[in-house]
Each structure stands twice: as structure tokens, then as C-alpha cells.
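Participant: Okay, here's the structure, questions in a sec.
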Amino acid sequence: MLDFTSYAEQVYQRCDELAEISQDRQCLDRRYLTPQHIAANQLVAKWCKEAGMNTWQDQAGNQWGCYASDNRDAPAIVLGSHLDTVPNGGKYDGMLGVLLPISLIQYFHDNNMKFPFHIEVVGFGDEEGTRFGSTLLGSQAVAGHWQDKWASLMDSNEICLGQAMREAGLDINQVHKASKEGGNIEAFIEVHIEQGPVLESKNLAVGVVTGIAGAQRFNIQVNGMAGHAGTVPMAMRQDAVNAASEMALCIENAALEFGVVATVGKMNTLPGAVNVIANKVEFSLDIRSEYDDLRNKALAAIQEKIAEIETRRQVSVKWNETHSADAVMCDENLKEQLMQATAQCQQSAFELPSGAGHDAMAMASLCPVAMLFMRCEKGISHHPDEAIKASDIDVTLAVLNQFLINKSAMYDKVEYDNALIA
Ligand code: HGY
Ligand code: MN
Ligand code: MN
């Protein structure tokens, strides 16, 4: 296996440097279309240039680099992930999948290596959906699925997405130009930390992803009746907090019963006073499964149970779906090619599913997609304790390099065969 130690160190340090760009001095929090997002794009642009790429920001705020083939008409292989984070996030979720390819291209540039295909790197601007609630906005723009209704999505400061774009120097009326539909893209490969404990339990640096779980997200509003905490008898209350709490527990029970994962990650109560019975609670639901029909069955059971609680507790419930993405299977050929490259670089090739969502889900409508997972310590993610080893970056660089070298040889063989036929 080629030694990429110095390039692995470069990736490691750059993750630290990028993690300094945050809207919160106490933790990593970088959101779509904020000044911090644009600053991160500019830093990534600098590194793309140093690696011999031309670089640009597209009309959806995604940052691109292209390591061009000598053949202008060649197809592109796109490598990338996201540059935004969850609040109090880790410094490898997303970033690793942008910085690792840039350093691999730095290695190609340093060694004057060229390929029969363009290699493009993309840093998507919004995978987590932290700022506007909807997710995969950057990659959906690239895949040609931007929805005009998103212009009115609001952040917690009541700034709509259209205004946020203007403040970031972008024009939402131009966002459709970010689409690569009809482009000559052969494949999208996303490198990402596993965000789970499996590779660590197998003592493997790298794994190949079989498929990405589908997900739905909702904002659920429970409206009850405010009242005096001291005078309203318990049996006469329409307490939104107790109703929402019972609903959250029925979500947990349904997830256990159907074997899916369902999370209530956000819950706000109003008016939020100690001595007032809450009249309104808003909470989020994130429900996922590798199997769409299972997720749909679990969701139907949850909706039925919540309707029963709504009636019994005399509250009213409003559902608002903020995200829906069916499960995506990775392309079989690309998966085999990544397994082959992995087997050439680590003692065994292993494949596993992804419970987390990724930009590859959006890109799958544009071109064949595949993912390479890298081990992360104790599977911790969406947390500042997210950690990886430089030696695992080394292995991942070697696997991605091997994949591109093998792919290049396939091109040469096709060209050779065509020449024979001609
Ligand atoms: O939520 C997810 O699965 C991803 O981290 N956005
Ligand atoms: Mn994430
Ligand atoms: Mn991610």
C-alpha cells in the first residue's frame, strides 16, 4: 500500500483548521448561507487551488473544485460531502469527505498524475438542515431537485432562505443553474465517517456502504389550553406538555415494536412559565429505516396513537413534514469496485448499511453513487468528541487512490479494445 502519511496529516490538520470556523465560540456550529459557511467555502477554495484544481462556488452555495483530465470531453467522477455541521458537532462529519479527496488530488498534482476522467470535488452547503429544517438543500440543487417553495423557509431569526441567499451574495432566482442534470457525471463517491461502532468492532479502518436508510422529518404542534398551575383541577386540564410527552413515549414504543429508529430531538413549550399549564408544544420527529415499507408502517402506527391521545386529552395536533427521502441502495458496480480497491489496501473488504442520511441520497437521482465509510472512535458523532485516527485517513486515501487507478485502467482497456475494433 502506498504511503500517504504526509497527506493524511494534511487532512487531519485541515479538519482542525476548518473546525475553527463556527458561529459559536463555545462549539462547532456552521450553518447554510451564514458568513461562516462562506468563509469555509473560501478556505476550501484555497486548498483546491493549491492542489491544481480550478474552483468555483455554484449558485446554491456549494463549493467545487475540478482536477481536469487532458481530455476536455471526458466524463467526471465527483467526490464530496458537506461542509455544514449540526450545533455542537464534530469536526469530521462531512468535512472529511471534502478534505480527503482534495489532499488525494494534491498527491496527484505533486506527482503530475492525470486521469482519463475529470475528478471533481464538491463541498455541499446544507446537508444537516440545521438552519432551515429541510435537509440536503445543496445536493438537491445539484441533482436538479431544488423546490421554489424553499425560498420561504425560515430560520430561528425569522430570516427566510431567499433573504439568507441575498445576504450570502447569491440570487435565489439563479439557483437552478447549480443543477448538473444532463452533465457528464459517471459517478458520485462520498467518503464519510461511519458515525457508528461497527468498523471499530471489526477492527477495520474502511468499509463499503451497501445502502442509505430512508428518513422522514416532521414538526408536530400540540395545542392545549393555558391555565393556572394552582387552580385548574388535574382532570380538567388540556396540558400540551403531558400530551406531547405521552406522544414522545409512544413514538419510542412504536420504533421498538417495528424495528425502526425514531427520535424526538427538539421540544419547545409555551408559554414556558413555571406556574402556567402549557398551551402549546412543538416537537420534532425524525423516523428512519433501511426499508421504506417498514418506516411507513411504523409511522402509520405512530399517527394512529397520537390521534388517540389528541382526542383523549382534548388537545389539537398539527403535523408538518419537513423532509422525506426514501432509502437509497448504492450502485452495485461502484460498490464492487470499492470492495476490490479496499481488498487491495486493508486485510479484508467489509460492507455495511448507513443509518445516517448523506448527500449521496440526493445525488443518486443524477448518477450512480457509492460511499466509503471510515472508522470513528466509539462511533461517536454529532458530538465534539467525534474522533478519527490519522492512520485510518492514510488507509482511506490509499483505497480511494486505488479505486481511481483501477477505474483509469478500465478506461484505458476500453480505449484499447475500441482501438482494436476500429
Ligand atoms: O441526520 C443525518 O443522518 C445526517 O447526519 N444529516
Ligand atoms: Mn451529520
Ligand atoms: Mn454527514
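Participant: Which aspartates and glutamates does LYS114 reach when only Cα atoms under 14 Å apart count, and residues fewer than 8 places away in its own chain are ignored?
Facilitator: Here the aspartates and glutamates satisfying the reach criterion relative to LYS114 are ASP70, ASP412.
Participant: To make sure I understand, if each residue's beta carbon is the centre and we count other beta carbons within 10 Å, what order do TRP146, TRP56 fall in, fewest to most?
Facilitator: Least to most surrounded, the residues fall as TRP56, TRP146.
Participant: Here is a further query. So in the chain, what percent of DSSP beta bridges are antiparallel if you round to the nearest 5?
Facilitator: Rounded to the nearest five, the antiparallel share is 70 percent.
Participant: Kyte-Doolittle mean at least 0.0 and Cα extent at least 24 Å along the axis: which DSSP H helices of the chain qualify? Don't skip to the end; give the middle numbers.
Facilitator: Numbers: long enough: 240-258 (27 Å, 0.84); 292-312 (30 Å, -0.65); 390-421 (46 Å, 0.28).
Qualifying helices, which must be both long enough and hydrophobic enough, are 240-258, 390-421.
Participant: Taking R0 as 45 Å, what's the FRET efficiency between SER6 and MET154 from their Cβ-Cβ distance, rounded to 0.05? If you can, show how the numbers build up before the last one.
Facilitator: Working: r = 45 Å, r/R0 = 1.01.
Between SER6 and MET154 the formula returns 0.50.
Participant: In whole percent, what relative contact order does the chain give with Cα contacts below 8 Å and a gap of six or more residues?
Facilitator: 21 percent
Participant: Which of the three applies to the stretch 322-422, rounded, prolate or oblate, going by the alpha-carbon gyration tensor with a ≥ b ≥ c and a/c under 1.5 meaning rounded?
Facilitator: On the way: a/c = 2.94, a/b = 1.47, b/c = 2.00.
Oblate shape, in that a/c is at least 1.5 and b/c is the bigger or equal ratio.
Participant: Something else: Sort the stretch 1-95 into rounded, prolate or oblate with this rule: let a ≥ b ≥ c be the square roots of the eigenvalues of the Cα gyration tensor; rounded if a/c is under 1.5, and if a/c is not under 1.5, prolate when a/b is larger than b/c, oblate otherwise.
Facilitator: It is oblate, given that a/c is not under 1.5 and a/b is not larger than b/c.
Participant: Let me ask you something else. Pairs of Cα atoms under 8 Å, at least six residues apart: use those to get the relative contact order of the stretch 254-408, whole percent.
Facilitator: 18 percent
Participant: While we're here: Ratio of alpha-carbon Rg to the 2.2 N^0.38 Å globular estimate for the stretch 214-325, to two decimals, please.
Facilitator: Its radius of gyration relative to the 2.2 N^0.38 Å reference: 1.11.
Participant: In deg cm²/dmol, rounded to 500, what helix-only [θ] at 222 nm does the chain give when every DSSP H run of at least 4 residues adds -39500 (n - 2.57) and the total is split over its residues?
Facilitator: Calculated from helices alone, the mean residue ellipticity at 222 nm is -11500 deg cm²/dmol.
Participant: Separate question: What is the ratio of the Cα radius of gyration of the chain to 2.2 N^0.38 Å, where N is its residue count, to two decimals? Each step should come with its number before you reach the end.
Facilitator: Working: Rg = 23.3 Å, N = 422, 2.2 N^0.38 = 21.9 Å.
Normalised Rg, Cα atoms only: 1.07.
Participant: Summing +1 for each Lys or Arg and -1 for each Asp or Glu, what net charge is found among the other residues whose Cβ lies under 12 Å from the Cβ of SER245?
Facilitator: Within the 12 Å Cβ shell, the charges total -2.
Participant: Hey, which of these cross-link pairs are over 20 Å Cα-Cα: LYS180/LYS413; LYS202/LYS389; LYS202/LYS378; LYS91/LYS177; LYS266/LYS297; LYS335/LYS407?
Facilitator: Checking Cα-Cα distances, LYS180/LYS413; LYS91/LYS177; LYS266/LYS297 exceed 20 Å.
Participant: Looking only at ASP171, ASP93, ASP412, which one moves most when the chain is put into a Gaussian network model with springs between Cα atoms under 10 Å?
Facilitator: Largest GNM mean-square fluctuation: ASP412.
No lab work stands behind these numbers, since they all come straight from the coordinates. These figures come from a predicted structure and were not determined experimentally. Neighbour counts are summed over all protein chains in view; Cβ atoms, including those assigned to glycine, are modelled from backbone coordinates with ideal geometry.
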